[in-house]
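The values are calculated or read from the model by the stated rules, or taken from the named source; none is laboratory data. Owing to the predicted nature of the structure, the values given are computational and were not obtained by experimental measurement. Neighbour counts are summed over all protein chains in view; Cβ atoms, including those assigned to glycine, are modelled from backbone coordinates with ideal geometry. Keep in mind that these areas ignore ligands, DNA and RNA; they rest on the heavy atoms of the full protein, side chains included. Shrake-Rupley method; radii C 1.70, N 1.55, O 1.52, S 1.80 Å.
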Amino acid sequence: MATASTRPTTSKAVAPSFPRLVIENVRPTVDGGRNPVKRVIGDEVEVEATVYKEGHDLIAARIRYCGPGEREARTAPMGYDRNLDRCRGSFQVDRIGRWWFTVEAWTDRFATWREDLEKKADAGQDTHSDLLEIANGQRRRWETSSIPSWSAISNRTTSPGRPSIPWR
């Protein structure tokens, strides 16, 4: 025997979906981007943007810019101030014409891992397994890429099984 429920079905409220990474307040800008910013040959275009995301992972950013007549965009790194959530970088205008730029940002997983590792090391915790984890992950990437043999790289260790990873 089949029964039907007379109780109304309710759907669970769905939390609003927020983007994982936000880029806003990009400068320089004139009238919210409606008019071009003007510079002369040799000027540095100082670019700033507010970049933030959920969580505590570190963020990396760069400027993609293209000059008149160029088919490929160039890039310039941006520094990140965690206290202000601001990225800053610049590029130089080397000819007359219309230039464009945009800001790209992403979660910097390696810098986040390195910062966490430094915190563990400063606290006197064992970091051996963390170093092995990153070394094994890197080895897997190298084995599937066009980089020369893993053995040439793996010989650069401080002791067997303990890779020497540069800190800065």
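The selection criterion, being over 16 Å from the mean Cα position of the chain (by Cα), in a loop (DSSP other than H, G, I, E, B), at pLDDT 90 or above and not polar (S, T, N, Q), holds for Pro68. In region 25-42, the residues that are surrounded by 12 or more Cβ atoms within 10 Å (Cβ to Cβ) reach residues that are at pLDDT below 90 with C-beta atoms within less than 6 angstrom, at least six apart or across chains, in these pairs: Pro28/Val37; Val37/Val30. A search for C-beta distances below 6 Å between a residue of region 79-97 that is of a type in the set (Asp, Glu) and any residue that is surrounded by 13 or more Cβ atoms within 10 Å (Cβ to Cβ) and part of a strand (DSSP E or B), counting only pairs 6+ apart in sequence or on different chains, returns Asp85/Thr50; Asp85/Tyr52. Within region 147-161, can one find any residue that is at pLDDT 50 or above and open to solvent by 70 Å² or more (accessible area, probe 1.4 Å)? Within region 147-161, one or more residues are at pLDDT 50 or above and open to solvent by 70 Å² or more (accessible area, probe 1.4 Å).
Kindly indicate the residue of region 103-130 that is in contact with a Lys or Arg (Cβ under 8 Å, 6 or more places away or on another chain) and either part of a helix (DSSP H, G or I) or aromatic (Phe, Trp, Tyr) (or both) and also nearest to Val45 (Cα to Cα) among those meeting that condition. That would be Asp130. Among the residues of region 98-147, those that are of a type in the set (Asp, Glu) and either free of Cβ contacts under 8 Å to residues at least 40 places away in the same chain or under 30 Å from Ala73 (Cα atoms) (or both) comprise Glu104, Asp108, Asp116, Asp122, Asp126, Asp130, Glu133, Glu143. The residue that is nearest to Asp57 (Cα to Cα), counting only those in region 75-91 that are open to solvent by 80 Å² or more (accessible area, probe 1.4 Å) and modelled with pLDDT under 95, is Arg82.
Asp85: touching a helix residue (DSSP H, G or I) at 6+ places or on another chain (Cβ under 9 Å) and not polar (S, T, N, Q), yes or no? Explain how you work it out, then say what you get.
Numbers: touching a helix residue (DSSP H, G or I) at 6+ places or on another chain (Cβ under 9 Å): no; not polar (S, T, N, Q): yes.
The answer is no for Asp85.
The residue that is farthest from Pro36 (Cα to Cα), among those in region 92-139 that are open to solvent by less than 40 Å² (accessible area, probe 1.4 Å) and touching an Asp or Glu at 6+ places or on another chain (Cβ under 6 Å), is Leu117.
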